[in-house]
1. Within the stretch 5-123, considering only strands (runs of 3 or more DSSP E) that don't extend past its boundaries, which have at least 3 residues that are in contact with a Ser or Thr (Cβ under 9 Å, 6 or more places away or on another chain), buried (at least 19 other Cβ atoms within 10 Å of the Cβ) and modelled with pLDDT of 80 or more?
2. Could you run through the stretch 46-58 and say how many residues are more than 20 Å from Phe95 (Cβ to Cβ) and either touching a residue at least 40 places away in the same chain (Cβ under 8 Å) or of a type in the set (D, E, K, R) (or both)?
Amino acid sequence: MPKPVKPYALTPNCWITVLSPASPVDEIRLRKGCEELTRLGYHLDPLQQSLSRDGYFAGALEERLAAMFVARTGGGAHAIFCARGGYGSNYLLEFLQGTEAASPGTESAGGSHPPPILIGYSD
């Protein structure tokens, strides 16, 4: 049986990517939440995708998928916080299965890094 891969512990000074894989979010509430994370000592990636709107969704499928893919594989995030999950996030699953997660920082001697923490994804 393969050994489970655990993410790094999230501590102040870690990078967090905030995105919306499903429905759009209220900008004021999102900014307040991000201000609190910053106050707690975390660094945040820009929120462009989180504020996108495409009908019922937080941007087109391609935009949401690209944001999640970059956050998981090359964005340098220690964690991905989904500002709002729900219907729409399920469309990303088939495209994300099997993607290798690259961790922040430098390459370790083993060459393998744990994936970023993923919080708030549903469906």
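1. On the way: elements: 15-19, 79-82, 117-119.
Of the strands (runs of 3 or more DSSP E) lying wholly inside the stretch 5-123, those with at least 3 residues that are in contact with a Ser or Thr (Cβ under 9 Å, 6 or more places away or on another chain), buried (at least 19 other Cβ atoms within 10 Å of the Cβ) and modelled with pLDDT of 80 or more span 79-82.
2. Residues in the stretch 46-58 being more than 20 Å from Phe95 (Cβ to Cβ) and either touching a residue at least 40 places away in the same chain (Cβ under 8 Å) or of a type in the set (D, E, K, R) (or both): 1 in total.
The values are calculated or read from the model by the stated rules, or taken from the named source; none is laboratory data. What you see is a predicted model; the values in this text were computed from it and never measured. Backbone-built Cβ (ideal geometry, glycine too); neighbour counts: all protein chains shown.
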